[in-house]
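Written out below as structure tokens is the structure these notes cover.
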Amino acid sequence: MSTTFTIDSATSRATPVSAPMKRVTVPAVRRRKGAEPLVMLTAYTVRTAQILDPHCDMLLVGDSLGQVIYGLPSTVPVTLEMMAAHGAAVVRGSYHALVVVDMPFGSYEASPEKAFESAAWLLKQTGAAAVKLEGGTAMASTVAFLSERGIPVMGHVGLTPQAVNALGGYGARGRSEAEVRKIVGDAQAVAEAGAFSVVIEGVVEPIAIEITRTIDVPTIGIGASAQCDGQVLVAEDMLGMFERTPKFVKRYGDMAGYIGERAASFAEEVRSRAFPGEEQTYAPKA
């Protein structure tokens, strides 16, 4: 963890305004329990953050960047340095949303002390407001350790992608009574330990409804239920950048098709020498 990233507040405004908006805070998120649903999308770059920021309460710098940005087979190979670089970019590109950064696999599981070291470094490097970590009862002591030391933690239960090797895939969770009890117990444990919100991913709907009803912090659903206190999606999935997406994704566009069509038009004009034209060419001085 030797890389250093500079946080320049002068470049952290998506849109120049005379009185910059105050960012959404962790206490403000907690107060949204049972109120207007919270909106969260992933962001990994400055420009994406600039575009999404006005519409979101939270921006998640997810370790899904391993697959979306780097083409990795899972989130497991993602490093703290990757998360720090992209987290700092998203903070620079936003001014309103609360920015949450995922703690990658291997950076927090060994001990609460290890988790604090990793989380503190991430927040220093990025300027983000909070971290997210996966796991339930087994991670409760770590959530408490971080929360008691001033590091806001978002929990993550249900389908936990970092545990894909142990889970055997990305299928929905909660098909058996034992699994239902475990997931509900996991959410309750991290909420009681001090998590300010909990992501519930890839579970059968009654589980998400029960968790939302029984814990006193907001739940953020992804493949869970509309009854959660908020929703999150990977922005590239939502925008239609990939042909294959999980069942729980609603595609709000076909950006992959749009970009492909524009690239084809560019290629055609280059090959026919229609581009660059007179408007795109510098003329000599008279």
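The values are calculated or read from the model by the stated rules, or taken from the named source; none is laboratory data. No experiment lies behind these values; they were computed from the predicted model shown. Don't worry about glycine lacking a Cβ; one is built from the backbone with ideal geometry, like all the others, and counts go over all protein chains shown. Calculation scope for accessible area: heavy atoms of the full protein, side chains included, ligands and nucleic acids excluded. Shrake-Rupley method; radii C 1.70, N 1.55, O 1.52, S 1.80 Å.
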inquiry  = Of the residues Met139, Met154, only one is of a type in the set (A, V, I, L, M) and not in a helix (DSSP H, G or I); which?
reply    = Met154
note = Residue set Thr245, Thr212, Thr219, Thr281; condition farther than 30 Å from Ala28 by Cβ, crowded, with 16+ Cβ neighbours inside 10 Å and free of Cβ contacts under 8 Å to residues at least 60 places away in the same chain; output residue Thr245
task = Check Thr75 against each of (1) β-branched (Val, Ile, Thr); (2) under 25 Å from Thr219 (Cβ atoms); (3) open to solvent by 20 Å² or more (accessible area, probe 1.4 Å) and name the one condition it does not meet.
result = (3)
task = Considering only residues that are in contact with a Phe, Trp or Tyr (Cβ under 8 Å, 6 or more places away or on another chain) and farther than 21 Å from Asp57 by Cα, look in the stretch 92-133 and name the one that is surrounded by the fewest Cβ atoms within 10 Å (Cβ to Cβ).
result = Glu113
